[in-house]
Amino acid sequence: MVVSRQAHVVASGHGRTVDLGVARMRLLAGADSTDAFALTEFWGTSGGAWTVPHLHRGFEESFFVLDGRFTFTVGEEAIVANPGTYILVPRGTAHTITAAEGGGRFLTLMVPGGLEEMFFELGELPKNAIRDPAVRKAVSARYDSIPV
């Protein structure tokens, strides 16, 4: 394995993005730059549910809120998250994300990476497929994102 000695840089306003309808995602680091994790930025102006209830068996997912207010439901706990809030969702724990009116922006860290590709696949489907349980079930089974 050859290790690059160059920094991986994604400048503001750059990076591979996908429009998911309710929100957009920008890939900051993924399979093209690391096999250890994926780091993404999600943002949107829509309030309401940004995803269906789901869990991951093979990785942890965590969130850091940059702007806006979100409610992350992790298991049975509803966590209101304002800017500066960090949330780690343990493996095997059901969770959802709901944005307050006006939406917002957060970073998502997935360890290990790979889930970012599911979002690019969902972006090729009709808008808001990310919130459709039937579509999520069909697509996300390949990415360890299991609707519950």
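Name the single residue, out of those in region 119-142 being buried (at least 19 other Cβ atoms within 10 Å of the Cβ) and of a type outside the set (Lys, Arg), that is nearest to the chain's Cα centre (by Cα).
PHE119
Just checking, which of THR71, THR45 is in contact (Cβ under 8 Å) with a residue 12 or more places away in the chain and farther than 25 Å from GLY15 by Cβ? So that I can check it myself, show each step before the final result.
Details: THR45 fails: farther than 25 Å from GLY15 by Cβ.
Of the residues listed, the single one that is in contact (Cβ under 8 Å) with a residue 12 or more places away in the chain and farther than 25 Å from GLY15 by Cβ is THR71.
What about ALA23, is it farther than 20 Å from VAL148 by Cα and of a type in the set (Gly, Ala, Ser)?
Numbers: farther than 20 Å from VAL148 by Cα: yes; of a type in the set (Gly, Ala, Ser): yes.
Taking the combined requirement at face value, the residue satisfies it.
Of these, ARG57, ARG131, ARG91, ARG136, which one is in contact with a helix residue (DSSP H, G or I) (Cβ under 9 Å, 6 or more places away or on another chain) and farther than 26 Å from GLY13 by Cβ? Quick ask: steps written out before the conclusion?
Values: ARG57 fails: in contact with a helix residue (DSSP H, G or I) (Cβ under 9 Å, 6 or more places away or on another chain); ARG131 fails: in contact with a helix residue (DSSP H, G or I) (Cβ under 9 Å, 6 or more places away or on another chain); ARG91 fails: in contact with a helix residue (DSSP H, G or I) (Cβ under 9 Å, 6 or more places away or on another chain).
Result: ARG136 is the single residue among ARG57, ARG131, ARG91, ARG136 that is in contact with a helix residue (DSSP H, G or I) (Cβ under 9 Å, 6 or more places away or on another chain) and farther than 26 Å from GLY13 by Cβ.
Take TYR86 and tell me if it is more than 12 Å from the chain's Cα centre (by Cα), within 21 Å of PHE70 (Cα to Cα) and aromatic (Phe, Trp, Tyr).
Numbers: more than 12 Å from the chain's Cα centre (by Cα): yes; within 21 Å of PHE70 (Cα to Cα): yes; aromatic (Phe, Trp, Tyr): yes.
Considered against the rule, which asks whether it is more than 12 Å from the chain's Cα centre (by Cα), within 21 Å of PHE70 (Cα to Cα) and aromatic (Phe, Trp, Tyr), TYR86 comes out as yes.
Just to check your reading of the model, which residue among THR34, THR51 is assigned to a loop (DSSP other than H, G, I, E, B) and closer than 15 Å to GLY104 by Cα?
On the way: THR34 fails: closer than 15 Å to GLY104 by Cα.
It is THR51.
Is it the case that region 45-52 has a residue that's at pLDDT 95 or above, of a type outside the set (Phe, Trp, Tyr), at negative phi and under 12 Å from the mean Cα position of the chain (by Cα)?
Initially, region 45-52 is screened for residues at pLDDT 95 or above, giving none.
Within region 45-52, none of the residues are at pLDDT 95 or above, of a type outside the set (Phe, Trp, Tyr), at negative phi and under 12 Å from the mean Cα position of the chain (by Cα).
Would you point out the residue of region 125-148, among those that are in a loop (DSSP other than H, G, I, E, B) and in contact with a Gly (Cβ under 7 Å, 6 or more places away or on another chain), that is farthest from ARG91 (Cα to Cα)?
Within region 125-148, the subset in a loop (DSSP other than H, G, I, E, B) is 125-128, 132, 144-145, 148.
This time we only want the ones that are in contact with a Gly (Cβ under 7 Å, 6 or more places away or on another chain), so: 127-128, 144.
On the way: LYS127: 28, ASN128: 25, ASP144: 11 Å.
This residue is LYS127.
Being among the charged types (D, E, K, R), closer than 20 Å to PRO133 by Cα and not in a strand (DSSP E or B), is that true of even one residue in region 54-62?
Taking region 54-62 first, the residues among the charged types (D, E, K, R) are 57, 60-61.
Add one more test, that the residue is closer than 20 Å to PRO133 by Cα, and what stays is 57, 61.
Pick out the ones that are also not in a strand (DSSP E or B) and you get 57.
The answer is yes, given that some residue of region 54-62 is among the charged types (D, E, K, R), closer than 20 Å to PRO133 by Cα and not in a strand (DSSP E or B).
Any residue at all in region 65-85 that is modelled with pLDDT of 95 or more, hydrophobic (A, V, I, L, M, F, W, C) and under 19 Å from GLY114 (Cα atoms)? Before you say what the answer is, go through the steps one by one.
Residues of region 65-85 that are modelled with pLDDT of 95 or more, as a first pass: 65-85.
Within this subset, residues satisfying the condition of being hydrophobic (A, V, I, L, M, F, W, C) are 65-66, 70, 72, 74, 78-81.
If we keep only those that are under 19 Å from GLY114 (Cα atoms) as well, we get none.
No, the conditions are met nowhere in region 65-85.
The values are calculated or read from the model by the stated rules, or taken from the named source; none is laboratory data. In this text, all values refer to a predicted model and were calculated from it rather than measured experimentally. Neighbour counts are summed over all protein chains in view; Cβ atoms, including those assigned to glycine, are modelled from backbone coordinates with ideal geometry.
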